[in-house]
Amino acid sequence: MLILLVGPPGAGKGTHGKRIAAKRGWSHVSSGELLRDAVERRTPLGLEAMEYMRAGSLVPDDIMLRWIEELLDDPKHRHGIVLDGFPRTVPQAEGLDALLERYGQEVACMLFFDISEEAAVGRLAARVSCTGCGTVYNLISRPPSTAEVCDRCGGKLEIREDDATETIRARFEEFRRLTEPMIEYYQAKGKLARVSTDGAIDDVGRRVTEVLDELCRCRDAEGTA
Ligand code: ATP
Ligand code: MG
């Protein structure tokens, strides 16, 4: 089962991606997290991606398509993947579909986390994450018990480099220009499920669960689980 998560920066893809994966025993794969890790470790992928990410631009499609090909080849994700942040452009979506066809598979569903730019910018301005374990906090709605210290591992909390106000604006522009057409691509294939991000995290989580339970029921009925 392959579920795609899409939404503007700050929509909550990472938060819900982790929850879905834990609940259903699937892998949560975040392209953004893996790229940030690659940059940190200065791997060849990280060195190629670094400047684009700093500027709030998307990493070029050919680099991301090489990345996804390796990922799909990895047998540890066989039981199911929640893919958070990929694809982000029409060429990435076409490339992904072509690769899946090779394995006789297809995307089960794309969950679109719908959020207004205003709400997303507000969330990103309050977001800090742990440099050790990656846990994400919101200084308003989910603050750590001690300022700048991770509750889970004691690591240092920092603002993500690309959450600076000017960079957030660039990321939104990339979303509108390159990602919105990709959402239409999956809508045309009947694969899109829009999830409202209004309300608390648990409210959104319940909506996600409803969509995925329904999807699993349909697939079971068709015998395509
Ligand atoms: P959030 O973390 O709130 O979901 P986001 O969607 O902007 O926000 P990530 O998914 O973590 O953040 O991505 C961070 C950056 O990594 C992007 O701005 C982009 O530079 C790069 N990136 C991640 N996925 C892709 C992709 N599929 N194609 C190109 N660039 C990508
Ligand atoms: Mg993310």
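Bear in mind these aren't lab numbers, they're just calculated from the coordinates by the rules spelled out. In this text the structure is predicted, and so the values were computed from the model without any measurement. Please note: Cβ atoms are built from the backbone with ideal geometry, for glycine as well, and neighbour counts cover all protein chains shown.
So here's what we get for this one:
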read-out: Amide N proximity, segment 40-77 versus A98 label position 7 Å along Cα-to-Cβ, cut-off under 12 Å; value: 62, 65-66
read-out: Alpha-carbon centroid distance for the pair segment 144-208 / segment 108-139, whole angstrom; value: 4 Å
read-out: Cβ-defined net charge surrounding T89, 15 Å radius [Lys, Arg +1; Asp, Glu -1]; value: -3
read-out: Cα→Cβ-extended label distance, 7 Å offset, between R42 and I201, nm; value: 3.4 nm
read-out: Antiparallel DSSP beta bridges within segment 56-206, as percent of all bridges there, nearest 5; value: 60 percent
read-out: Relative contact order, percent, the chain [alpha-carbon distance under 8 Å, six or more residues apart]; value: 27 percent
read-out: A125-A22 FRET efficiency (beta carbon distance; Förster radius 30 Å; 0.05 resolution); value: 0.60
read-out: Sum of -39500 (n - 2.57) over DSSP H runs of 4+, divided by residues of the chain (222 nm, nearest 500); value: -15500 deg cm²/dmol
read-out: Area projected by the alpha carbon convex hull of segment 66-225, averaged over all directions, nm²; value: 11.2 nm²
read-out: Links that overshoot a 20 Å alpha carbon limit, given the list K13/K191; K23/K156; K18/K76; value: K23/K156
